[in-house]
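The values are calculated or read from the model by the stated rules, or taken from the named source; none is laboratory data. These figures come from a predicted structure and were not determined experimentally. Methodologically, a virtual Cβ is constructed for each residue, glycine included, from the backbone with ideal geometry; neighbour enumeration extends over all protein chains shown. When the accessible area is computed, the model is the full protein with side chains, heavy atoms only, and any ligands, DNA or RNA have been set aside. Shrake-Rupley method; radii C 1.70, N 1.55, O 1.52, S 1.80 Å.
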Amino acid sequence: MQTTSPQVTVDNFFLEVDHIFVCTTKEADSISVLQKVGLHCSNQQVQHVEHGTASKIIFFENTYLELIWIEDKDLIEQQSAQTGIQTLTRLHKQHTGASPFGVGLRRKSEQSKVVSDSSLSWAETMRCLRRATPTRKSISFAAENFVNQQEPFCFMVPDSIALTAWLDPSSTTHQHLISHPLGVRKLTSVKITIDSDKDLTDAMSLVCTNSAVTIERGESPLLELTFDEGVKEKKLDVRPFLPILLKY
């Protein structure tokens, strides 16, 4: 994995949230509670065999939420030695104080880029997602964020594997992925609470300045996701199973 510190300014900041991951240690409980509150979780588990982790995905019209947990601790340690990403530190957040969140950013586009065949099979979809994990073909947004465990890991997703490169909301197959009993459709705001007084890195500050993500200080990590501008003025708190608050 290659890291870089690109020269990004407000004038040429054309990034938006592609997906968000949350490190968890209770896969079954986490998925169950999200289903109970009305979110449709993918049935298929994504195995990151070479990285020692696994995950499940919740898709929305413009993003997806990925829950990641440990499958093989030894493999995770090997990958950490090779890439420098301290995955176990985030997975053991309750003991290390690290942020359990990661934000993948994609370049904004005037037009949604969808594949020519919109009826992707699950196998094809999962191949896209495996390539989109932060330990594979993505790059750190900035070197200082790469090593700062107290703030969310922020990384850039190449155009070819961004969600907009393959998700087609008009496809019947894809409509099933993004349909939720709760009725939420599009993610419109992301706020992340961190329990650290340490200054944000320049990269994370820039993301906040341009409203891609809001960072607040608090007593414990929390991911607040607002859907559809919060028009129904409703909230769902899924703590203590996951540090997530849903607004819609």
Per-region count, the stretch 207-248, residues outside any strand (DSSP E or B) and among the hydroxyl-bearing types (Ser, Thr, Tyr): 4
Residue check, residue 186 surrounded by fewer than 16 Cβ atoms within 10 Å (Cβ to Cβ) and within 15 Å of the chain's Cα centre (by Cα): yes
Filter result (open to solvent by 40 Å² or more (accessible area, probe 1.4 Å), assigned to a helix (DSSP H, G or I) and not β-branched (Val, Ile, Thr)) within the stretch 33-59: 35, 36, 50
Count of residues meeting criterion [within 28 Å of residue 25 (Cα to Cα) and surrounded by fewer than 14 Cβ atoms within 10 Å (Cβ to Cβ)] in the stretch 215-236: 7
Among the candidates 189, 171, 220, 211, residue that is among the hydroxyl-bearing types (Ser, Thr, Tyr), farther than 14 Å from residue 152 by Cα and at pLDDT 90 or above: 189
